[in-house]
1. Considering only C-alpha atoms, what is the centroid distance from segment B:155-206 to segment B:441-483, in Å?
2. Over the protein assembly as shown, give the accessible area per residue in Å² for a 1.4 Å probe, as an integer.
3. How would you classify segment A:214-283 from its alpha-carbon gyration tensor, with a ≥ b ≥ c the square roots of the eigenvalues: rounded for a/c under 1.5, else prolate if a/b is greater than b/c, otherwise oblate?
4. Along Cα-to-Cβ, 7 Å out, sits the label point; list in nm, shortest first, how far the one on A:ARG25 is from those in the other copies.
5. Please give the peptides A:130-143, B:187-200 ranked by average Cβ packing (other Cβ atoms within 10 Å per residue), highest first, as a rough proxy for protection.
6. Test of the criteria: in segment B:274-344, which chymotrypsin sites (Phe, Trp or Tyr not before Pro) are in a DSSP loop and have at most 14 other Cβ atoms within 10 angstrom of their Cβ?
7. Give the cross-link partners of A:LYS358 among the lysines, using a straight C-alpha distance below 24 Å as the criterion and excluding same-chain residues fewer than 8 apart.
8. Taking the Cα centre of each part, how many Å lie between segment B:212-255 and segment A:375-432?
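The values are calculated or read from the model by the stated rules, or taken from the named source; none is laboratory data. Owing to the predicted nature of the structure, the values given are computational and were not obtained by experimental measurement. Cβ coordinates were reconstructed from backbone atoms using ideal geometry, including for glycine residues, and neighbour counts include every protein chain displayed. Side chains are part of the model used for accessible areas, which takes the heavy atoms of the whole protein and leaves out ligands, DNA and RNA. Shrake-Rupley method; radii C 1.70, N 1.55, O 1.52, S 1.80 Å.
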2 protein chains.
Amino acid sequence: MLDQWLYDLFMTGTDRGADFLQLSRAAAPVRGLTSWLAGAVRAAIMDGRLPAGTSLPATRLLAGDLGISRGVVVEAYQRLADEGLVSGRPGTGTRVSGLSPRPVRPSNNPPPPGRAGATVLPQPWRARAELDLSPGVPDLSGFPRAAWLRAERSVLDQASVAELGYGDPSGSQWLRRELAGWLARTRGLRAAADDIIVVSGVAQALALLAQCLNARGITRIAVEDPGSLGSRDQLAHWGLATVPVPVDEQGLTVGNLAGRDVRAALLTPAHQFPTGVVLAPGRRRELLDWAVAADAVIIEDDYDAEYRYDRAPVPALQAAAPGHVAYAGTTSKTLAPGMRLGWLIPPGRLHADLVAAKHAADLGSPALPQLALARLIATGELEHHIRLVRKRQRARRDALLGALRVLLPEARVQGVPAGLHLLITFPALGLDDTELAERIHRAGVLVHPLSWHRQLPGAPGLVLGYAAHTPDQLREAARRIARALRG
Amino acid sequence: MLDQWLYDLFMTGTDRGADFLQLSRAAAPVRGLTSWLAGAVRAAIMDGRLPAGTSLPATRLLAGDLGISRGVVVEAYQRLADEGLVSGRPGTGTRVSGLSPRPVRPSNNPPPPGRAGATVLPQPWRARAELDLSPGVPDLSGFPRAAWLRAERSVLDQASVAELGYGDPSGSQWLRRELAGWLARTRGLRAAADDIIVVSGVAQALALLAQCLNARGITRIAVEDPGSLGSRDQLAHWGLATVPVPVDEQGLTVGNLAGRDVRAALLTPAHQFPTGVVLAPGRRRELLDWAVAADAVIIEDDYDAEYRYDRAPVPALQAAAPGHVAYAGTTSKTLAPGMRLGWLIPPGRLHADLVAAKHAADLGSPALPQLALARLIATGELEHHIRLVRKRQRARRDALLGALRVLLPEARVQGVPAGLHLLITFPALGLDDTELAERIHRAGVLVHPLSWHRQLPGAPGLVLGYAAHTPDQLREAARRIARALRG
């Protein structure tokens with residue numbers, strides 16, 4: 001796989017570690033090895049020392065030569081891939097891309113639709129964005145590849161034959177036991193393993209709940225406004241009309257639920273999407289009172305409760321009223337959306353119907369990823385990983401926030417203490433945020449106009465996801481946004 | 001993890017390989033290492049040298065001591081687990097079980113429902129069966145753990161960040177490209193990567209198709225009779241009434257489709273479930289003529305086309321009429337049902353709606369298993385694995401067939417040249433096969449009465465899955481079935 005150029009570099013010296021781009025472990029910093037390595041390769045690509053098409057050394061080889069862990073090399077390559085500077089496929093190695101800088105997260109795929117409004121842009125627009133600040137996309141270069149592989153190895157060594165067969169449609173018993181403990185510790189949930197249904201992400205949780213509510217004659221559901229366009233589309237597909245209820249500084253305006261002829265509501269109480277507000281204690285009480293009085297079901301989408309930077313997150317609503325709350329969580333924001341793993345903890349009276357719906361959908365979720373996740377929880381590696389990512393995300397948030405305050409003083413910034421995105425609104429400006437987002441996009445930055453996530457009229461704004469970008473990239477994005485706003 | 005007893009065994013000798021049960025690599029056969037090792041441990045459990053609760057040595061340790069590959073030890077342990085003699089969970093090691101022999105495939109789970117009628121038994125009955133000959137369950141002890149782990153490692157090393165994100169709902173582009181080539185080579189399919197939708201097993205393919213047909217006003221679907229109870233239940237859940245059409249020695253009696261007011265049909269043409277007949281060439285032509293004339297959709301469930309023992313399998317129907325056939329395949333019978341991986345290749349006019357339905361169901365299947373499967377196909381390891389399993393399954397079929405011919409001469413045996421199960425019918429006996437299956441179950445053997453898979457009246461019979469059992473176990477099962485029939 002190494003081309004002649006790299007072959008020469010690698011095979012002619014005696015101290016091969018010093019050969020690739022004259023890198024030397026001795027010159028590397030004590031901390032930040034990944035940034036150092038990625039920076040060195042990036043510079044070489046930019047100044048032409050590594051021309052388009054050049055194969056990078058295999059990760060194993062380079063790690064050995066430099067005397068550093070292979071994970072560092074893998075992550076450095078990932079960052080470069082994230083920036084569009086290199087690309088690779090399993091089995092063919094990593095090569096320097098033809099275009100530099102290429103669009104971030106390039107893809108030949110049709111528009112990859114996510115939840116939390118990750119991907120509602122038309123493809124041609126999306127494909128041309130150099131910096132993609134769509135909300136809902138985590139830092140995928142941080143996926144804990146080594147830990148996941150260790151977990152898979154352990155699981156493949158020791159999983160029983162029955163665990164690879166047609167399993168329980170509600171999921172691996174082991175994973176559900178681990179999840180019960182994990183959710184009790186981190187989110188205050190009151191749930192036993194048998195209460196949990198493993199699902200393919202919160203999207204499937206919504207699909208199953210919508211089917212189940214529909215079968216009980218419930219055809220309307222209250223949603224937050226602004227709120228996730230992706231979730232709204234999902235519910236609508238499954239036959240639930242979404243009734244918008246305004247969100248203010250304290251979260252959903254619960255008083256507006258009365259008289260709307262709804263017996264179900266979807267909320268993101270820990271960190272409202274996209275405003276970032278936390279449902280205030282008084283509103284929580286009011287909401288639960290409403291659910292009891294109306295015999296209603298609250299769907300609690302706990303989509304990024306793991307990212308709270310100032311204090312411990314508020315316990316889940318489910319803990320206060322397990323009989324009225326269907327709790328849904330996911331690994332999409334902590335590991336990767338591509339895992340398609342989540343969990344649903346419904347009120348007891350819906351449990352059997354939901355398991356039947358899960359069975360009818362796909363007989364159950366795949367076994368190996370469930371077992372690997374169970375092991376990551378059991379060994380503490382998931383918790384460790386989330387701690388690391390939280391720290392990194394906090395630095396990214398700080399960078400974006402700092403740049404916005406300097407460059408866009410007229411914007412009101414919301415959603416600061418938690419999550420993976422910020423919301424900026426322009427209460428004083430009578431602008432069209434879709435038109436603004438289009439201008440920003442022409443400057444190479446993709447953001448969601450707030451109006452996409454509204455059903456009701458409201459102040460214009462922009463939703464800015466910061467998870468997938470470095471502080472430098474985020475500052476650059478803020479500069480371009482400011483220029484577009486002025487222009 | 002090793003208890004004192006094993007600790008002593010392992011740590012006191014100098015030639016540790018000779019210590020565990022006095023096993024010595026020198027005494028092992030050149031071929032059949034796995035059977036040799038499993039046999040030695042089984043004997044020690046049976047005669048009390050390894051009492052209940054004893055930890056077996058870690059696979060890595062024992063493999064090192066004996067100088068054999070770890071895969072051999074893993075598989076030997078799996079076989080013993082399959083027989084209920086040992087049990088293990090990831091992280092806690094493998095221990096000798098309390099009961100010996102325990103029921104095969106014990107489970108605390110609710111009845112794990114499969115397709116092809118794998119699991120329609122009520123739980124208490126199922127849990128007590130010593131030998132489970134339910135059809136549709138492959139030999140899970142043969143799962144290629146080492147190859148799968150290698151594939152995962154490669155994928156985790158090299159997958160791009162975009163591949164872990166919200167992906168294309170129709171599946172990984174790489175996997176679809178590999179599948180297109182694989183299905184062209186092995187099944188004669190005419191399909192491009194973009195025609196393929198990756199799904200969570202054939203069960204999800206049926207769910208999506210049923211939704212899509214329903215949305216076009218199709219509410220009735222012809223099914224084979226006898227035919228899979230699991231598939232029938234699946235279609236019924238999604239609102240399609242199943243219209244039974246008899247199967248004879250040439251497969252579906254296509255002439256009976258006319259006048260039944262159906263514009264869709266589900267078939268298993270390569271190896272009909274449960275009769276095992278192949279759809280005859282004349283019937284294939286007739287069926288395709290009907291589909292064109294009625295503008296109908298044929299769903300081709302190619303559920304175990306990989307297991308043909310006498311000659312190459314008949315090419316898929318889809319190859320002859322891609323505009324009228326929705327082809328569905330799965331790894332459930334070649335790898336494991338717990339993978340929940342399959343593919344759907346619909347007529348072009350249904351494609352967009354099915355992708356939308358897949359998106360609404362779960363946004364797409366998990367990324368890592370898709371990439372690992374792509375790699376197993378690309379490296380030829382999947383093909384290699386299937387060749388090995390086919391050989392083993394042929395030996396199992398021969399063992400069961402031989403025993404049935406001696407012990408049950410009055411039974412007519414069908415489905416011999418292919419698949420993972422046999423059908424025996426008793427045309428001359430006026431017996432109730434459900435009652436017979438109950439008697440057989442009291443003798444510790446679980447089989448499906450043929451009547452479970454019928455909607456129309458017909459000869460009594462039994463469906464016997466042989467994939468998950470050794471020749472010795474299958475002969476024992478045949479003895480007990482014969483005794484139950486006479487008793």
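1. A separation of 36 Å, based on Cα centres.
2. 35
3. Cα axes put segment A:214-283 in the oblate bin.
4. Computed spacing set for this position: 3.2 nm.
5. A:130-143, B:187-200
6. Passing both the DSSP loop test and the Cβ count: B:TYR309.
7. Excluding near neighbours in sequence, the set is A:LYS333, B:LYS333, B:LYS358.
8. After rounding, the separation between the Cα centres reads 52 Å.
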